[in-house]
Amino acid sequence: MTESPVTTATALPAPWPLPSPPEHAYRELEFRYGGVAFSCLVSDSLYDDQLAHLAHYLPAAEPEQPPVATHRVRVTCDEQLYRGLVPERGPDGLETAFGSDTYAMWRLPGARLLRPHPPFSAWLHDDHLFAVAEGVTDIVTHPGTAGPCTYLMYVLREVLLRAQEDNGGVLFHAACAVAGGRSALIVGEKGAGKTTTLSALVGGGAMSFCANDRTFVLGPSPRTVAVPVALRLGYGLVEATPPLREYVRGGRLFRPQVRGSEPTGAPEEFGSRVKHIVTPAEFAMAMGTALSTGGRLSLLLFPSLSDDDRPFHSASVSAEEARRLLASSCYTPADPAFVRPRFRTPLSSPEQRAAQAARVCRALPREVPAYRIGWGVRRDPAETHRDLRALCASHGWWA
């Protein structure tokens with residue numbers, strides 16, 4: 001990330017979807033993630049907090065490569081601008097964007113104005129606005145906004161999603177760990193044991209943490225790219241993993257904590273509705289490892305864990321079975337959390353993306369070794385770490 005001296009609204013390049021507050025002070029912020037280049041202006045009063053927020057989600061360095069897309073974002077904290085933006089007339093429609101979050105939408109000349117719409121939740125507050133045009137987004141908050149620095153990450157995630165799918169990428173409901181530039185993709189439905197497997201792989205810095213929930217697979221020589229989202233860790237997993245337990249008990253968590261409500265298929269304690277929410281950087285710090293954007297895909301793992309102390313077991317998976325398992329956890333062409341395009345319009349059709357996903361699900365098992373793995377979550381984590389290390393070493397890496 002690069003920064004520049006403070007500038008004022010009157011010196012800003014046009015166009016932006018919204019007017020600039022008179023003499024408002026901004027600082028420039030430029031960074032790349034996952035092949036997308038972001039050029040941002042951030043209110044001087046938010047700048048340091050915005051940097052700290054990004055550092056909780058993004059690796060310190062992004063591998064140099066030509067960007068597949070660019071996006072400009074302006075983050076403004078200004079009471080007067082925020083209060084004066086919403087038109088007196090009713091909205092032109094409602095948009096469901098991320099999950100079940102709903103926004104009222106007004107059409108502006110060349111842009112859309114979005115404001116949170118009831119029902120509100122622990123995540124959705126009526127204290128921010130988006131103004132969106134193609135390739136550029138205005139984010140407007142005010143001094144009383146809860147978490148004003150979170151909304152740049154909203155934009156980043158969706159722009160990454162749309163841009164990489166347009167670039168041939170396919171998104172999986174999968175975790176990912178990286179070592180020596182090579183990655184292991186951990187694929188499975190909710191409760192299968194993805195996070196437990198990930199914790200066993202990265203413990204003690206043996207591998208870098210890439211992703212816990214959503215991972216892109218890109219290119220003919222497949223490589224992985226993480227979608228940076230917070231981790232929701234079950235109580236049982238935290239208590240069974242000493243580094244996580246000590247970190248959580250330290251009471252230093254960056255994100256607000258809420259009680260989860262979704263049932264899972266995991267063992268009772270591991271799938272507990274009590275969830276600890278940690279950022280990628282916090283998870284990496286707790287596990288004594290680093291954050292990674294991704295790496296060359298070298299191993300496919302399909303975990304299925306049990307609520308006992310049975311030993312580790314693995315079995316290679318046929319290409320057809322691996323294709324079926326990948327397809328069942330594929331989020332292209334329609335990620336259920338990103339229901340409607342909001343910050344970037346896809347260039348490809350759903351049918352094109354579906355065909356693209358089917359091709360990748362067929363091709364990957366022919367190029368990458370695939371295994372079903374399992375063990376009892378009550379056994380010694382050190383033994384599981386050793387067994388996973390041996391499986392990776394049998395394919396000539398992470399030895």
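The values are calculated or read from the model by the stated rules, or taken from the named source; none is laboratory data. What you see is a predicted model, and the numbers here were worked out from it, not measured in a lab. FYI the Cβ positions are ideal-geometry reconstructions off the backbone, even for glycines, and counts take in every protein chain you see.
Worth pointing out:
- Qualifying residue in segment 98-105 (condition: farther than 17 Å from Arg344 by Cα and either crowded, with 21+ Cβ neighbours inside 10 Å or over 21 Å from the mean Cα position of the chain (by Cα) (or both)): yes
- In segment 234-263, of all residues being within 20 Å of the chain's Cα centre (by Cα) and either assigned to a loop (DSSP other than H, G, I, E, B) or assigned by TED's automatic domain parsing to the domain that holds Ala146 (or both), the one that is modelled with the highest pLDDT corresponds to Leu253.
- Some residue of segment 131-139 being of a type in the set (D, E, K, R), more than 30 Å from Trp106 (Cβ to Cβ), crowded, with 22+ Cβ neighbours inside 10 Å and in contact with a strand residue (DSSP E or B) (Cβ under 8 Å, 6 or more places away or on another chain): no
- Unique residue being aromatic (Phe, Trp, Tyr), touching a Leu at 6+ places or on another chain (Cβ under 7 Å) and assigned by TED's automatic domain parsing to the domain that holds Glu79 when the list is Trp123, Trp106: Trp106
- The requirement of being at pLDDT 95 or above, assigned to a loop (DSSP other than H, G, I, E, B) and either among the small types (Gly, Ala, Ser) or out of contact with any helix residue (DSSP H, G or I) (no Cβ under 9 Å at 6 or more places or on another chain) (or both) is fulfilled nowhere in segment 354-363; no residue meets it.
- So Arg344, is it on the phi < 0 side of the Ramachandran plot, in contact (Cβ under 8 Å) with a residue 60 or more places away in the chain and among the charged types (D, E, K, R): yes
- Of the criteria (1) at pLDDT 95 or above; (2) touching a Leu at 6+ places or on another chain (Cβ under 7 Å), which one Thr195 fails: (1)
- Within the set Phe302, Phe312, Phe338, the sole residue that is buried (at least 17 other Cβ atoms within 10 Å of the Cβ), over 30 Å from Thr70 (Cβ atoms) and touching a Leu at 6+ places or on another chain (Cβ under 7 Å) turns out to be Phe302.
- Exclusive hit being in contact with a His (Cβ under 6 Å, 6 or more places away or on another chain) and touching a residue at least 12 places away in the same chain (Cβ under 8 Å), set Ala206, Ala200: Ala200
- In segment 362-386, residue surrounded by the fewest Cβ atoms within 10 Å (Cβ to Cβ) [restricted to those that are more than 27 Å from the chain's Cα centre (by Cα) and more than 26 Å from Cys330 (Cβ to Cβ)]: Asp380
- Inter-residue pairs, beta-carbon under 7 Å, first closer than 29 Å to Trp375 by Cβ and assigned by TED's automatic domain parsing to the domain that holds Arg359 and in segment 314-339, second surrounded by 15 or more Cβ atoms within 10 Å (Cβ to Cβ) and β-branched (Val, Ile, Thr), 6+ apart: Ser314/Ile373; Leu325/Val187; Leu326/Val187; Ser329/Val187; Cys330/Val170
- The residue that is surrounded by the most Cβ atoms within 10 Å (Cβ to Cβ), counting only those in segment 347-361 that are within 27 Å of Thr137 (Cα to Cα) and touching a residue at least 60 places away in the same chain (Cβ under 8 Å), is Arg353.
- Residues that are part of a strand (DSSP E or B) and of a type outside the set (Lys, Arg) are absent from segment 190-203.
- Residue that is nearest to Thr141 (Cα to Cα), among those in segment 72-98 that are out of contact with any Pro (no Cβ under 8 Å at 6 or more places or on another chain), in contact (Cβ under 8 Å) with a residue 60 or more places away in the chain and not in a strand (DSSP E or B): Tyr82
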